[in-house]
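Trainee: Dumping the structure here so I can ask a few things about it.
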Ligand code: ADP
Ligand code: MG
Ligand code: MG
C-alpha cells in the first residue's frame with residue numbers, strides 16, 4: 001500500500017518563499033483534503049511535489065514509499081505512481097489525447113508490459129463513457145479547445161487510465177456544474193481502495209460531499225495550520241477563515 005510522506009517541506013517561486021514547512025502523510029486507502037484561502041500555497045505544494053521547474057524546493061523531504069521524490073525527474077515521479085490533476089491543465093497541440101495517455105500508461109507499466117493497442121482503446125472508450133465524454137475526445141489534441149469543464153473531466157480520465165498510487169487533484173471542481181461534479185466524483189471514487197491515496201485541494205465543501213475525505217487540512221501562509229475530520233470542512237464553509245486566523249494570530 002502506498003505512502004506519501006511530506007516532511008517540513010519548503011518551496012519558493014521566483015525567489016519568493018511560499019511553502020514554509022509542510023508536514024503531511026497520505027497513505028493508501030485515505031482521502032485528505034486541503035482547503036485554505038487563495039494564495040496560501042496549495043497549488044505550489046502540488047507543483048513542487050510533481051517537480052514543476054518553476055517551483056524550487058528549498059528544504060525538507062517528500063518520500064513516496066520511502067523513496068525521495070525530489071530527486072526524481074518529472075516522468076519518473078509519474079512512473080512511480082504519482083499523479084497530479086492541475087488547476088490549469090495545459091493544451092498540447094499535435095498529440096492526440098488517446099496517444100498521450102497510451103504513452104503515459106505504457107511508461108508507467110514499463111518495458112515489456114505495454115498494453116496492446118486495441119485493448120487500450122477499448123478500455124479508454126469504456127472509461128470515457130463512464131465520464132460522459134464524447135468518443136471524439138480521444139482523437140482530439142490534448143486539451144486544445146476543451147472547455148474548462150472538459151479539461152477537468154479529461155484530467156480525471158487520465159487518472160482512471162493511469163491508476164496512480166497517489167493522486168493530487170487541484171481544484172478539480174472549479175468550472176464544473178453539479179451534474180459534471182457528480183460524474184467526476186464517481187470517476188475519482190472508482191479508484192478508492194487500499195492501493196490508492198488521494199489528496200484533494202478545494203475551496204468548496206461541496207466537492208467533499210461527493211468525495212468524502214477522511215482528513216481535512218487548512219493551509220495558511222505556506223503551512224498546514226489545522227487538521228481535522230470532515231466536520232472541519234463544514235465549519236469552514238459556515239464560518240469562513242477569519243476566526244481561524246484570529247485564533248492562530250495570523251495577520252495578512
Ligand atoms: P493557492 O493555490 O493556495 O491559491 P498558489 O500556490 O497558487 O496558491 O500561490 C501561492 C503564492 O505563490 C501566491 O502569492 C502566488 O502569487 C505565488 N505564485 C504561485 N505560482 C507562481 C508562479 N508561477 N509565478 C509567480 N508567483 C507564483
Ligand atoms: Mg487558488
Ligand atoms: Mg491554487
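Bear in mind that the values in this text are calculations on the coordinates, not laboratory data. Everything numeric in this text was worked out from a predicted model, so none of it was measured. Cβ coordinates were reconstructed from backbone atoms using ideal geometry, including for glycine residues, and neighbour counts include every protein chain displayed.
Trainee: Roughly what % antiparallel, to the nearest 5, for the DSSP beta bridges in the chain?
Mentor: Roughly 60 percent of the beta bridges in the chain run antiparallel, per DSSP.
Trainee: If you count, for each residue, the other Cβ atoms within 10 Å and average over each peptide, how do 216-224, 130-138 line up from highest to lowest?
Mentor: Highest mean packing first, the order is 216-224, 130-138.
Trainee: Would you mind calculating the gained length between residue 74 and residue 147 on full extension (0.36 nm times residue separation, minus the Cα-Cα distance), in nm to one decimal?
Mentor: 23.7 nm
Trainee: Could you work out the equivalent-ellipsoid semi-axes for segment 77-160, taking the square root of 5 times each eigenvalue of the Cα gyration tensor, largest first, in whole Å?
Mentor: 20, 15, 12
Trainee: Please check: in the Gaussian network model of the chain (C-alpha springs, under 10 Å), which one of 38, 97, 154 has the largest mean-square fluctuation.
Mentor: Ranking 38, 97, 154 by mean-square fluctuation puts 38 first.
Trainee: Does anyone have the angle between helix 148-162 and the longest principal axis of the chain? Alpha-carbon axes, 0 to 90°, nearest 10?
Mentor: 70
Trainee: Take the alpha carbon atoms of segment 221-250, find their center, do the same for segment 133-150, and report the distance between the two centers in whole angstrom.
Mentor: 37
Trainee: Next question. If I model a spin label as a point 7 Å beyond the Cα along the Cα-Cβ vector, how far apart are those points for residue 242 and residue 129 in nm?
Mentor: 5.2
Trainee: What is the angle, in °, between the Cα long axis of helix 97-109 and the longest principal axis of the Cα atoms in the chain? Nearest 10 is fine, range 0 to 90.
Mentor: On a 0 to 90 degree scale, this one is about 80.
Trainee: Give the shape of segment 20-140 as rounded, prolate or oblate, defined through the alpha-carbon gyration tensor: a ≥ b ≥ c are the square roots of its eigenvalues, a/c under 1.5 means rounded, and otherwise the shape is prolate if a/b is larger than b/c and oblate if not.
Mentor: Cα axes put segment 20-140 in the prolate bin.
Trainee: I would also like to ask the following. Compute the label zone of residue 182 within segment 97-131: residues whose backbone N is under 18 Å from the point 7 Å along Cα-to-Cβ.
Mentor: Within reach of a label on residue 182, which here means backbone N under 18 Å from a point 7 Å along Cα→Cβ, segment 97-131 contributes 129-131.
Trainee: Quick check of the Kirkwood formula: for segment 3-248, what is the inverse mean of 1/r over all pairs of different Cα atoms, in Å?
Mentor: Its Kirkwood hydrodynamic radius stands at 18.5 Å.
Trainee: For the chain, what is the mean residue ellipticity at 222 nm derived from helices alone (per DSSP H run of n ≥ 4: -39500 (n - 2.57); sum divided by total residues; nearest 500 deg cm²/dmol)?
Mentor: Helices in the chain give a 222 nm mean residue ellipticity of -10500 deg cm²/dmol.
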